[in-house]
Amino acid sequence: MSDDAYRRVRDFYDELAPDYHRIFPDWDVSMARQAAMLDALVGRRLGAGPHRMLDCACGIGTQAIGLALAGHRVVGTDLSAVAVTRAAAEAAARGTVLPAAAADMRALPFRPAAFDVVLCVDNALAHLPTDEDLDAALRDMRRVLRDDGLLVVTVRDYDEARRTRPTATLPQVSDPGDGRGRVITFQLWHWRDDGEHYDLEHFQLVPDGTGWEVRVRRSPYRALTRARLTDAVSAAGFVDVTWHEPRSSGFYQPVLTASS
């Protein structure tokens, strides 16, 4: 990943971190729901736990906080220092502990075999623009996982997206209950000529008392197919690679699990 691409992704999440919860109608409900679905996937492979978990793209803590509240020992890292600072504070406000630090998933600051589970969810791997970046990140996830541990990755359905090449998402209206009123969120996708990479513009319209304040953040993405991600996960040393579709897992994105 070039320095410019790294900076663009980091800045995207630094800027989005204060408003990220506004994507959800009720962030705490979403935390609990997503944690329950991920906990069920982990439990089927490793048993009930509690487990030592690393969320290596934790953002403001949507999955990590919910899993910590469910009893797991969770550590969070993310490219964005602003996001991880908020994640730790939000966890403390809910009566749990989430050690969190800014870190690049290609060079995780942990000893080998430190975790039972590594999570990289919410389409985070799609920020890695090249095969070399993807392979480096997956190798380091394997390094920090114990033998017979579990990798959990979620991404958008990019097989479908590369077929249809969507240019926008439908507007989503939510009222996060913070006194600001309803917030409108949508995205524009600008596909590059290679059909594999696109530049995303993330729009939020937030009431400002007399009208709307428009907040725009931008980031590059790579549309990773299931086949490409399966091959990369296998090459990194994982086995028993399995895809779980939303209709069976209940999670809102396709989920890949693999054993270390």
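Okay, here's what the table says:
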| read-out | value |
| --- | --- |
| Long-range Cα-Cα pairs in region 96-138 (distance over 13 Å), rounded percent | 65 percent |
| Relative contact order for the chain, counting Cα pairs under 8 Å that sit 6 or more residues apart, in percent | 18 percent |
| Distance cut-off 14 Å, percentage of C-alpha pairs in region 46-133 lying past it | 61 percent |
| Tail weight of P(r) past 18 Å, computed on alpha-carbon pairs of region 104-260, percent | 64 percent |
| GNM flexibility winner over the chain from A17, A70, A223 (Cα, springs under 10 Å) | A70 |
| Computed accessible area, W243, all protein chains, 1.4 angstrom probe, square angstrom | 60 Å² |
| Contour excess over end-to-end distance, with Cα ends at N123 and L200 and 0.36 nm allotted per residue | 26.4 nm |
| Label-point separation in nm, F186 to A89, each point 7 Å along Cα→Cβ | 3.1 nm |
| Relative contact order computed over region 17-106 (Cα-Cα under 8 Å; 6+ residues apart), in percent | 27 percent |
| Theoretical gain in end-to-end length, A40 to E132 [0.36 nm per residue, Cα-Cα removed] | 29.9 nm |
| Theoretical FRET efficiency, 1/(1+(r/R0)^6), r = Cβ-Cβ of A81 and R228, R0 41 Å, to 0.05 | 0.85 |
| Mean Kyte hydropathy of -1.0 or more with a Cα span along the axis of at least 15 Å, helices from DSSP in the chain | 27-46, 81-93, 131-144 |
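The values are calculated or read from the model by the stated rules, or taken from the named source; none is laboratory data. Keep in mind it's a predicted model, so treat the numbers as computed, not measured. For neighbour counting, all protein chains shown are included, and Cβ atoms are generated from backbone atoms with ideal geometry for every residue, glycine included. These area figures cover heavy atoms from the full protein model, side chains too; ligands, DNA and RNA do not enter into them. Shrake-Rupley method; radii C 1.70, N 1.55, O 1.52, S 1.80 Å.
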